[in-house]
Amino acid sequence: LVRSLYKHLLCVDVRLEDLQAIDTGLHDSLGFMLQNPVDGIFFETFSVSYDEFGVVKTVDLVPGGIDIDVTDENKEDYVAKYVRWRLYERVREPVEALRKGFLGVVPAALVSVFDCAELELIMCGVENFDVDDWKAHTEYRGYVSSRPQIQWFWSFVWRLSDVDRGKLLQFVSGTSRIPVQGFSALESRRGEIRKFTIERLDLSM
């Protein structure tokens with residue numbers, strides 16, 4: 001399951017970063033809009049047009065949204081509402097059916113204590129970690145693999161259980177799942193291919 005579905009199961013609001021796993025192009029476009037001026041450049045309104053089986057439909061993100069221009073002052077609200085529409089409102093019926101079925105089996109009180117990453121770990125189970133593959137696809141910045149600190153780190157990882165290795169990977173990358181291709185295809189929290197990286201920090205500054 002994509003991260004946004006875990007959020008729906010927990011009734012947690014979705015955010016822009018959750019969109020990347022669903023629609024990378026839209027994610028990048030909305031992200032660009034947030035980081036750059038839009039007045040006189042983007043001519044968007046608080047509405048969305050989309051194709052549904054060959055028929056173009058338009059929905060308002062707010063009442064009368066088609067008549068409300070997106071400006072630098074309201075673009076954050078526009079992006080938040082667009083993301084919610086794309087990840088929830090557009091698929092509300094199947095998402096609510098999934099949530100109802102899930103909570104019919106697992107009481108809400110039991111899952112409410114978990115965050116999305118923890119729920120993912122519980123539902124997907126624990127991976128079998130190939131530490132050699134992990135080491136082979138790790139990048140070092142300010143270190144070389146022969147340094148004692150690096151040797152200590154990998155010695156520590158070898159001593160961990162797969163459950164704790166999953167927690168470590170989850171802390172760094174946002175997910176405890178290993179891609180089918182192995183650690184060479186590890187993704188960052190933003191959904192980009194990014195190898196596990198150990199970086200030396202200059203604490204003298």
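Selection over the range 16-75 of residues that are touching a residue at least 60 places away in the same chain (Cβ under 8 Å) and of a type in the set (A, V, I, L, M, F, W, C) gives a count of 5. When Val12 is tested against the conditions (1) open to solvent by less than 40 Å² (accessible area, probe 1.4 Å); (2) modelled with pLDDT under 90, the lone failure is (1). Residues satisfying the criterion are absent from the range 140-154 (criterion: outside any loop (DSSP other than H, G, I, E, B), touching a Ser or Thr at 6+ places or on another chain (Cβ under 9 Å) and of a type in the set (Gly, Ala, Ser)). Restricting Val59, Val79, Val12, Val38 to residues that are assigned to a strand (DSSP E or B) and among the hydrophobic types (A, V, I, L, M, F, W, C) narrows the list to Val59. For Gly142, the conditions (1) surrounded by 12 or more Cβ atoms within 10 Å (Cβ to Cβ); (2) touching a residue at least 40 places away in the same chain (Cβ under 8 Å) are fulfilled apart from (1). Could you tell me whether any residue of the range 117-135 is touching a strand residue (DSSP E or B) at 6+ places or on another chain (Cβ under 9 Å), part of a helix (DSSP H, G or I) and surrounded by fewer than 11 Cβ atoms within 10 Å (Cβ to Cβ)? There is no residue in the range 117-135 that is touching a strand residue (DSSP E or B) at 6+ places or on another chain (Cβ under 9 Å), part of a helix (DSSP H, G or I) and surrounded by fewer than 11 Cβ atoms within 10 Å (Cβ to Cβ). If you go through the range 56-74 and pick out every residue that is more than 18 Å from Asp13 (Cβ to Cβ) and either surrounded by 17 or more Cβ atoms within 10 Å (Cβ to Cβ) or among the β-branched types (Val, Ile, Thr) (or both), you end up with 8. For the range 15-25, a residue qualifies if it is part of a helix (DSSP H, G or I) and among the hydrophobic types (A, V, I, L, M, F, W, C), and the qualifying residues are Leu16, Leu19.
Does Glu93 satisfy the condition of being acidic (Asp, Glu), loosely packed, with under 14 Cβ neighbours inside 10 Å, over 24 Å from His27 (Cβ atoms) and within 24 Å of the chain's Cα centre (by Cα)? Judged against the criteria, Glu93 is not a match. Answer yes if at least one residue in the range 100-118 is within 24 Å of the chain's Cα centre (by Cα), among the polar types (S, T, N, Q) and within 27 Å of Gly174 (Cα to Cα), and no otherwise. Yes; the residues of the range 100-118 include at least one that is within 24 Å of the chain's Cα centre (by Cα), among the polar types (S, T, N, Q) and within 27 Å of Gly174 (Cα to Cα). The residues of the range 25-55 that are closer than 26 Å to Ala97 by Cα and open to solvent by 70 Å² or more (accessible area, probe 1.4 Å), listed by number, are Ser49, Asp51, Phe53, Val55.
The values are calculated or read from the model by the stated rules, or taken from the named source; none is laboratory data. The structure presented is a predicted model; accordingly, all values stated were derived computationally and were not measured. Backbone-built Cβ (ideal geometry, glycine too); neighbour counts: all protein chains shown. Side chains are part of the model used for accessible areas, which takes the heavy atoms of the whole protein and leaves out ligands, DNA and RNA. Shrake-Rupley method; radii C 1.70, N 1.55, O 1.52, S 1.80 Å.
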